[in-house]
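Accompanying notes for the structure given below.
The values are calculated or read from the model by the stated rules, or taken from the named source; none is laboratory data. Because the structure is predicted, anything quoted here is derived from the model rather than measured. We place every Cβ from the backbone using ideal geometry, glycine too, and count neighbours over all the protein chains shown.
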Amino acid sequence: MAPLPAPLPPSRGDKHRSKLEIFSSILQTVSQFGAENPDELDLKMIDTVVSEMTQAFRTFRPYRDRRKLTIFGSARTQPHEPLYIQAKRVAKAVSDEGWMVVTGAGPGIMAAGIEGAGAENALGVNIRLPHEQQPNAFLASDPKLVEMRYFFTRKLMLIKESDAYVVLPGGFGTQDECLELLTLIQTGKAEPAPVILLDVKGDDYWTNWLDFVKEALSDRGYISNEDLSLVHLVDEPEMALKVITEFYSNYQSCRWVGERLVIRVRKVPEPQVLQALSRRFRDMVLKDGIKQSNPLRAEILDNDSLDLERIVLYFDKRQYGRLHEFIWALNGDEEKSGLPLV
């Protein structure tokens, strides 16, 4: 198996305003809100959110040059259960390749992820609840642990910094995290990344879930058929690692420059293959096809991944399932990308 991809700087969109202008805008917004005589509860919420996000950004910032895997799953899974062992194995596998593991820092699957990766390779985003949950012992006093009051800020940090996601069976919280993650990727609010549904052999948790998604959502037109390509169902940690490795085998990252989507790859396909891709995926392109490109001016100014080759297209900002299929095509995976290239 090829090694996991080397770290890359985080992708960024165009810089329309300077940092000083953005900071001034934040202060102005807060000042205007304060002048509206808000309720004390509203003020406390804003104070908590800003304080916790500031701490979270500060905690994650030193590790932004490392790829990260977020692991979701039940807090109720016990250490002797097969799912706990699965999570521990996949965490160790990716950490052995230089990745970090991000979890909710609680018990169950979250503890398994940290135990497998080792505290030195783990980041935790814990939620404060009245009846549970304390940070697990593997990360309890670690400076790479953040504690938050609100689920929405916690989910932001569990998703924002990561390059791949593994979801194991769980309850309402796990389903909430899984569906919000898929919604963010489906709508382009999160960057393309592999979402792996990890089970154990013989269990039907994810197969039943996927049957429901196909029959109740896809077949009724609530999602597109291509959206099913956003998830990968596996029952072995080695297969989860394989999906992650192959997703980044050629594709590396993307960013918007104006209305153009720039996709950075290790190697642009040969011209005839790129032409075939342009024809096959023309339904997701607004104009001008799919073309090889030199770094655009905004990327040069940002010194953004200039060592990589790139492809540029006017993506329609709607068909993110198709975009994932295109990425798999760039990686040379015909099965996950749909029909053969030529």
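Answer yes or no: is there a residue in the stretch 297-310 that is at pLDDT 95 or above, touching an Asp or Glu at 6+ places or on another chain (Cβ under 7 Å), under 23 Å from SER229 (Cβ atoms) and outside the structural domain of SER224 (by TED's automatic domain parsing).
no
Take the conditions more than 17 Å from ARG58 (Cα to Cα), modelled with pLDDT under 90 and surrounded by 21 or more Cβ atoms within 10 Å (Cβ to Cβ) and apply them to ALA117. Does it pass? Can you show your working first?
Values: more than 17 Å from ARG58 (Cα to Cα): yes; modelled with pLDDT under 90: no; surrounded by 21 or more Cβ atoms within 10 Å (Cβ to Cβ): yes.
No; evaluated as a whole, the condition is false for this residue.
Criterion first (closer than 24 Å to ASP65 by Cβ, in contact with a helix residue (DSSP H, G or I) (Cβ under 9 Å, 6 or more places away or on another chain) and not charged (D, E, K, R)) does ILE263 satisfy it?
Considered against the rule, which asks whether it is closer than 24 Å to ASP65 by Cβ, in contact with a helix residue (DSSP H, G or I) (Cβ under 9 Å, 6 or more places away or on another chain) and not charged (D, E, K, R), ILE263 comes out as yes.
If ILE290 meets every condition in (1) crowded, with 16+ Cβ neighbours inside 10 Å; (2) touching a residue at least 60 places away in the same chain (Cβ under 8 Å) apart from one, which number is that one?
(2)
Quick check on the stretch 185-198: of everything there that is without any contact (Cβ under 8 Å) to a residue 40 or more places away in the chain and crowded, with 18+ Cβ neighbours inside 10 Å, which residue is farthest from THR245 (Cα to Cα)? Steps first, answer last, please.
Within the stretch 185-198, the subset without any contact (Cβ under 8 Å) to a residue 40 or more places away in the chain is 189-190, 195, 197.
Filter once more, keeping what is crowded, with 18+ Cβ neighbours inside 10 Å: 190, 195, 197.
Numbers: ALA190: 19, VAL195: 13, LEU197: 16 Å.
If we take residues in the stretch 185-198 being without any contact (Cβ under 8 Å) to a residue 40 or more places away in the chain and crowded, with 18+ Cβ neighbours inside 10 Å, then ALA190 is farthest from THR245 (Cα to Cα).
Within the stretch 13-67, track down each residue that is closer than 30 Å to SER305 by Cα and basic (Lys, Arg). Give the derivation first.
First pass over the stretch 13-67, keeping only residues closer than 30 Å to SER305 by Cα: 13-26, 53-67.
Residues satisfying the conditions are LYS15, ARG17, LYS19, ARG58, ARG61, ARG64, ARG66, ARG67.
I'd like to check something: does the stretch 74-83 contain any residue that is assigned to a helix (DSSP H, G or I) and touching a Leu at 6+ places or on another chain (Cβ under 7 Å)? Show your work before the answer.
First, the residues of the stretch 74-83 that are assigned to a helix (DSSP H, G or I): 82-83.
Among the residues that remain, those that are also touching a Leu at 6+ places or on another chain (Cβ under 7 Å) are: 83.
Yes, that holds for at least one residue.
Being closer than 30 Å to GLU259 by Cβ, in a helix (DSSP H, G or I) and of a type in the set (D, E, K, R): is that true of GLU52 here?
no
Somewhere in the stretch 31-47, is a residue over 30 Å from GLY258 (Cα atoms), of a type outside the set (Val, Ile, Thr), in the same structural domain as LEU179 (by TED's automatic domain parsing) and in contact (Cβ under 8 Å) with a residue 12 or more places away in the chain?
No, there is no match, as no residue in the stretch 31-47 is over 30 Å from GLY258 (Cα atoms), of a type outside the set (Val, Ile, Thr), in the same structural domain as LEU179 (by TED's automatic domain parsing) and in contact (Cβ under 8 Å) with a residue 12 or more places away in the chain.
ARG58 passes all but one of (1) exposed (fewer than 12 other Cβ atoms within 10 Å of the Cβ); (2) not in a helix (DSSP H, G or I); which number fails?
It is condition (2) that ARG58 fails.
Within the stretch 86-103, track down each residue that is touching a Gly at 6+ places or on another chain (Cβ under 8 Å) and either β-branched (Val, Ile, Thr) or part of a strand (DSSP E or B) (or both).
Across the stretch 86-103, the qualifying residues are VAL90, VAL101, VAL102, THR103.
Hey, among the residues in the stretch 151-177 that are surrounded by fewer than 21 Cβ atoms within 10 Å (Cβ to Cβ) and within 11 Å of the chain's Cα centre (by Cα), which one's nearest to ARG64 (Cα to Cα)?
Once the filter is applied, the top-ranked residue is LYS160.
Which residue, of ILE22, ILE46, ILE85, is touching a Phe, Trp or Tyr at 6+ places or on another chain (Cβ under 8 Å) and of a type outside the set (D, E, K, R)?
ILE46
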